[in-house]
Amino acid sequence: MSDFEPFYDVNRTYEDNYEYGPFGAFAQALKADVDDEPIAGKQQGETFLGQPVNLAFGIPAGPLLNSKYTTAAFRMGFDLATYKTVRSRAWGCNPFPNVLAVHPKSADGSLTPGSAELDEGVLADTNYELPMSISNSFGVPSKDPEYWQPDMRAAIAAAGPGQVLVPSFQGSRVEGMSEAEYIADHATTARLVKETGAKLMVMNTSCPNEGHNRLLCHDPLLVGRITEAVKNEIGDTPLMIKLAYIPSDDDLELMVRSTAARGTVQGFSTINTISARLVDVHGNQALPGAGRDRSGVCGNAIRGTGLAMVRRLAAIRERLGLAFAINGVGGVVSPADYAAYKAAGADSVMSATGAMWDAGLARKIKETR
Ligand SMILES: Cc1cc2nc3c(=O)[nH]c(=O)nc-3n(C[C@H](O)[C@H](O)[C@H](O)COP(=O)(O)O)c2cc1C
């Protein structure tokens, strides 16, 4: 079984992956005897939001759909396993396909915010090749809490020594909702997560939860009000928020001042995907259906942007004399990328696309340290 076979099978629907996954090396890890030595459980003695961990490296919200995936990730030595973003209510998935390979034009395969290519169109198809860049278009599906709460509890229980299950959640904006109701939905979802015994949690503000292509994290003051309501609900439980790329330093500083500086947030996880117009080889819309002309790109293409965002956040942290944690995400596909994020100021690092196509990534990083 090759590590290259992704544990999330991009050729199957989300529902099939949920039901029958994980695949590849993760499926093998799940079959292993529970009493087996963890595949890569070297003790390194770090912390993540106050919790002791072997190595503060893992997988961010997305490819780990349920407790089978998070348990397999732990067994493969990813000491931080994020449970895919949940909601206060059941929520459907965008139609298949949800993942496509993406091929930027530049020699190093990078995509930079503001570049014309993002609006003119980036080639997206089913030719998956390393170093991997993909687009993901799921619409943040969720089971009903009655279903995900017991599963999240099982996911937490499956963490080994020095490993932490990281729940991710977000608020849901439904038609006719007032702003107060929208804020309250975040607090309710945080309470539902806390009820599972979660020791910490990540709130996603970086998906188009505000409507087509509109991100909550581009409204720092609203994020500030939401995190206050969430903190009132969860008390001392550490809260991290997931941010997309924020172009302006002023906006990024306002985000920090509205949240971490007021004690409502203990860390930032960044970045999420970069939005691009995706086209097929004929220049037509690559993903089928209305509202899917643009989609988020992740993997190799976005590493430079992720590193820049972490550096800017670390500079703001130092300038304001704050101590919030930074979780670096975006394009980590090798031990060198992990090291680059640490050098940029990240306290912890995660990889989604890189880990999907390299189940041995945590082991490789541990071996090089
Ligand atoms: C298949 C897939 C699903 C994702 N779903 C979520 C999600 O539900 N919530 C979230 O906050 N981020 C989600 N993401 C974004 C990742 O957490 C991460 O921010 C992004 O992929 C960049 O990291 P990468 O370059 O290592 O993939 C998803 C990513 C992938 C690949």
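The values are calculated or read from the model by the stated rules, or taken from the named source; none is laboratory data. As the structure is a computational prediction, the values presented were derived from the model and not from experiment. Backbone-built Cβ (ideal geometry, glycine too); neighbour counts: all protein chains shown. Remember, those area values only see protein heavy atoms, side chains included, never the ligands or the DNA or RNA. Shrake-Rupley method; radii C 1.70, N 1.55, O 1.52, S 1.80 Å.
Residues in the stretch 133-168 that are farther than 23 Å from Val329 by Cα and in contact with a Leu (Cβ under 7 Å, 6 or more places away or on another chain): Pro145, Gln149.
Filtering the stretch 190-207 to residues that are closer than 13 Å to Arg87 by Cβ and within 13 Å of the ligand (Cβ to nearest atom) leaves Met203, Asn204, Cys207. Here Arg277 meets each of (1) over 20 Å from Pro238 (Cβ atoms); (2) crowded, with 17+ Cβ neighbours inside 10 Å; (3) at pLDDT 95 or above with one exception, condition (2). For beta carbons closer than 9 Å, sequence separation of 6+ or different chains, a first residue in the stretch 85-106 that is under 20 Å from Leu123 (Cβ atoms) and modelled with pLDDT of 95 or more and a second that is assigned to a strand (DSSP E or B) and among the charged types (D, E, K, R), the qualifying pairs are Leu100/Asp125; Ala101/Asp125; Val102/Asp125; His103/Asp125.
Would you check if Gly235 is open to solvent by 30 Å² or more (accessible area, probe 1.4 Å), free of Cβ contacts under 8 Å to residues at least 60 places away in the same chain and not acidic (Asp, Glu)? So Gly235 passes the test. For the stretch 119-136, how many residues meet the condition of being open to solvent by 10 Å² or more (accessible area, probe 1.4 Å) and either within 18 Å of Ser88 (Cβ to Cβ) or within 16 Å of the ligand (Cβ to nearest atom) (or both)? Number of matching residues: 6. When Glu195, Glu146, Glu179 are screened for being open to solvent by 10 Å² or more (accessible area, probe 1.4 Å), closer than 25 Å to Ala56 by Cα and free of Cβ contacts under 8 Å to residues at least 60 places away in the same chain, only Glu195 passes. I'm checking my understanding of the structure. Among residues of the stretch 165-187 that are more than 16 Å from the ligand (Cβ to nearest atom) and either of a type in the set (D, E, K, R) or in a strand (DSSP E or B) (or both), which one is modelled with the lowest pLDDT? Once the filter is applied, the top-ranked residue is Glu175. Select from the stretch 334-369 the residues that are among the aliphatic types (A, V, I, L, M) and surrounded by fewer than 22 Cβ atoms within 10 Å (Cβ to Cβ) and list them in ascending order. Selection gives Ala336, Ala339, Ala340, Ala343, Ala344.
Which of the residues belonging to the stretch 57-84 are farther than 11 Å from Val166 by Cβ and in contact with a Phe, Trp or Tyr (Cβ under 6 Å, 6 or more places away or on another chain)? Of everything in the stretch 57-84, those that are farther than 11 Å from Val166 by Cβ and in contact with a Phe, Trp or Tyr (Cβ under 6 Å, 6 or more places away or on another chain) turn out to be Pro63, Leu65, Ala72. Within the stretch 341-361, if we keep just the residues that are part of a helix (DSSP H, G or I) and within 13 Å of the ligand (Cβ to nearest atom), the residue that is nearest to Tyr128 (Cα to Cα) turns out to be Trp357.
Considering the stretch 248-337, the qualifying strands (runs of 3 or more DSSP E), each wholly inside and each with 1 or more residues that are within 16 Å of the ligand (Cβ to nearest atom), without any contact (Cβ under 8 Å) to a residue 60 or more places away in the chain and among the small types (Gly, Ala, Ser), run over 325-329. Any residue in the stretch 309-325 that is open to solvent by 10 Å² or more (accessible area, probe 1.4 Å), under 21 Å from Ile59 (Cβ atoms) and out of contact with any Gly (no Cβ under 6 Å at 6 or more places or on another chain)? The answer is no, given that none of the residues of the stretch 309-325 is open to solvent by 10 Å² or more (accessible area, probe 1.4 Å), under 21 Å from Ile59 (Cβ atoms) and out of contact with any Gly (no Cβ under 6 Å at 6 or more places or on another chain).
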